[in-house]
Amino acid sequence: MTELNNSELIRLSAAQLAAKLAAREVTSVEVTQAYLDRIALVDGGADGIHAFLHVNAEEALAVAAEVDAIRAAGGAEEEALHELAGVPIAVKDLIVTIGQPTTAGSKILEGWHSPYDATVIKKLRAAKMPILGKTNLDEFAMGSSTEHSAYGPTRNPWDLDRIPGGSGGGSAAAVAAFEAPLALGTDTGGSIRQPGAVTGTVGMKPTYGAVSRYGAIAMASSLDQIGPVSRTVLDSALLQEVIGGHDPFDSTSLTDPFDTLVAAAKTGNVTGMKIGIVKELHGEGYQAGVENRFNESLELLKEAGAEIVEVSCPNFKYALGAYYLIMPSEVSSNLAKFDGVRYGLRVLPEDGPMTIERVMAATRAAGFGDEVKRRIILGTYALSAGYYDAYYGSAQKVRTLIQRDFDAAFAQADVLISPTAPTTAFKLGEKLDDPLAMYLNDVATIPANMAGIPGLSLPGGLADEDGLPVGIQLLAPAREDARLYRVGAVLESLLEEKWGGPLLAKAPELKNAGLGTAFNTAGGSN
């Protein structure tokens, strides 16, 4: 058996870990414990990363021990193990999980335990993947920085004074800081892809309906999508094949198999493909260092045999405005269930009559944060009599125009490409009091959710100005997730060849007090 220390183990990709587990070069208990040790070292304390809201050590080690026992016994049961059996994973705390609290980053659900597992959790359990714990997020997934969590912000491992993106900053930071090899996130307007961009990780939003939403606490049901967070494109493909597939508990679930994703990620060829630059998703308003890395990626794809064409999607300029009418409207409806009566927090009014209405008002006032309240008010207004057609109805018409723009663009190109976010990670607190400036971080990611198409963000390099990660976004037609993995894997390989290794190997040390370890300690590449 090859001896690997903890620093080396946690820097292996999920695919590499799976291969070593299958070859019995390492045990799942050793791998899981290495990640739990890493979490204990860098996640807690006032200056820690704070990627996790709950750590699930006992159950994770029990699942790991079960996998090790099956492999030690051999036979048919070992042969039936999934490829990722024994590979640990973290889960965004918006996805309900038996045996662990599910808070959605909100005080209104503090300490709440779900009586059932989300479909994706059932699939992780069936694959025997140890669940390390639940990761931090903006409250009910409303935000772009993970600063709106009721339990405090998560920090970006590249610079602990900066945001890790949002709403799924906890999942992205956990993967970037080597606290987990894989994680689950949810993406409503970019909440997997934008955190991936600013932390140097891979974030995938599958086609709407490709992965069941059953058990994901809904923010905006027509936009939400669960997807993988990883350090490599292949790892995301492996995880999506685990969690994807039709689910009768989700009325929007597709019946398509989506079983060629891993094969696509291993194809490694873009010769003859047309890759479209979206005119409206780069240029003015984008940081110079982001543009530079984007242009370098285009040149690499061109040298690999792809044809680069420019496409125009003129209605994308209305996407942000339309999104911030449709999404809050659905928030207003979906969050009505948190009333202080059925489950979660209950706050009784201090004086006056004890009516349901007054209990609901007191509970929601105490349990919801400012951003949640802001979106509920906006959505309720947009749905109110006299304004429905002018606001919500008009936004839905814009949504149709955006879908038509994509149809026209994909008639000219196989895949579309853009920067994932207009800037690198901004400093904690910098935009917290300016909601409109915060919303602009999603300008490049929102159109994919409005159209239900898949989107993949992968590391594109470091910006010249600040040395922070830049994300490259790839978009494909609905149901063509495999196409994204094919192109993404090629671009990832070309970029790593240019850099001399994975981007995360270039990350600085975690210097803040109490962390006591180098971020890029020598070890295997990811």
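FYI, it's all coordinate maths here, none of it is from the lab. Bear in mind that the values here come from a model prediction, so they are computed numbers and not experimental data. Cβ placement follows ideal geometry from the backbone for every residue including glycine, while neighbour counts extend to all protein chains displayed.
The table below lists the values:
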{"quantity": "Equivalent ellipsoid dimensions for segment 125-186 as semi-axes, Å, which come from the Cα gyration tensor, largest first", "calculated": "21, 14, 8"}
{"quantity": "Rg/Rh ratio calculated on Cα atoms of segment 175-256 (Kirkwood radius)", "calculated": "0.97"}
{"quantity": "Isotropically averaged projected area of segment 29-188, using the convex hull of Cα atoms (one quarter of hull area), nm²", "calculated": "9.1 nm²"}
{"quantity": "Backbone HN-Hα couplings from phi across segment 137-151 [Karplus 6.51/-1.76/1.60, Hz, Gly and Pro as x]", "calculated": "7, 4, 3, 6, 6, 9, x, 10, 9, 6, 8, 8, 5, 5, 10"}
{"quantity": "Footprinting exposure proxy for ARG399, ARG231 (fewest neighbouring C-beta atoms within 10 Å first)", "calculated": "ARG399, ARG231"}
{"quantity": "Electrostatic dipole magnitude of segment 1-142 [Cβ: Lys, Arg +1; Asp, Glu -1; Cα centre; debye, to 20]", "calculated": "280 debye"}
{"quantity": "Protection proxy ranking, peptides 364-373, 441-450, average beta carbon neighbours within 10 Å, highest first", "calculated": "441-450, 364-373"}
{"quantity": "Size of electric dipole in the chain: Cβ of Lys, Arg +1 and of Asp, Glu -1, about Cα centre, debye, nearest 20", "calculated": "760 debye"}
{"quantity": "Pairwise label distance in nanometres, GLU284 with GLU66, each label 7 Å out on the Cα-Cβ vector", "calculated": "5.7 nm"}
{"quantity": "Reach of LYS431 by Cα under 21 Å, taken over lysines that are not fewer than 8 positions away in the same chain", "calculated": "LYS373"}
{"quantity": "Ordering of 417-426, 216-225 by burial proxy (mean other Cβ atoms within 10 Å per residue, highest first)", "calculated": "417-426, 216-225"}
{"quantity": "Helical mean residue ellipticity (222 nm; -39500 (n - 2.57) per DSSP H run of 4+; nearest 500) of the chain", "calculated": "-11000 deg cm²/dmol"}
{"quantity": "Highest-first arrangement of 165-178, 124-137, where packing means the average Cβ count within 10 Å", "calculated": "165-178, 124-137"}
{"quantity": "Amide H within-cut-off set for PHE52, under 5 Å, with H built and near neighbours excluded", "calculated": "ASN136"}
{"quantity": "Lys, Arg +1 and Asp, Glu -1 on Cβ, resulting dipole of segment 181-331 about Cα centre, debye, nearest 20", "calculated": "140 debye"}
{"quantity": "Inter-part distance where segment 448-495 and segment 205-264 are each reduced to a Cα centre, Å", "calculated": "17 Å"}
{"quantity": "Anchor LYS498: lysines whose Cα lies under 16 Å away (excluding residues fewer than 8 positions away in-chain)", "calculated": "LYS302, LYS506"}
{"quantity": "Helical segments meeting 15 Å axial Cα length and Kyte-Doolittle -1.0 threshold in the chain (DSSP H)", "calculated": "28-42, 57-73, 233-243, 288-303, 319-334, 356-367, 370-383, 394-410, 481-499"}
{"quantity": "Distance between modelled label sites at ILE308 and SER394, nm, 7 Å Cα→Cβ extension", "calculated": "3.8 nm"}
{"quantity": "Given charges at Cβ of Lys, Arg, Asp, Glu: the chain dipole, positive-most of GLN100, PRO195, GLY170", "calculated": "GLN100"}
{"quantity": "Alpha-carbon centroid distance for the pair segment 321-379 / segment 18-47, whole angstrom", "calculated": "39 Å"}
{"quantity": "For segment 306-412, the Rg and Dmax computed from alpha carbons only, in angstrom", "calculated": "19.8, 70"}
{"quantity": "Contour minus Cα-Cα distance for TRP499 and GLU77 (0.36 nm per residue)", "calculated": "147.7 nm"}
{"quantity": "Calculated Rg and Dmax of the chain using C-alpha coordinates, Å", "calculated": "21.9, 73"}
{"quantity": "Cleavage-rule hits, trypsin sites (Lys or Arg not before Pro), segment 301-343, DSSP coil, Cβ neighbours within 10 Å at most 10", "calculated": "ARG342"}
{"quantity": "Furthest towards positive pole of dipole, GLY379, GLY367, ASN269, structure part segment 260-393, Cβ charges", "calculated": "GLY367"}
{"quantity": "For ILE472, distant residues with modelled amide H under 5 Å away", "calculated": "THR420, LEU458, GLY460"}
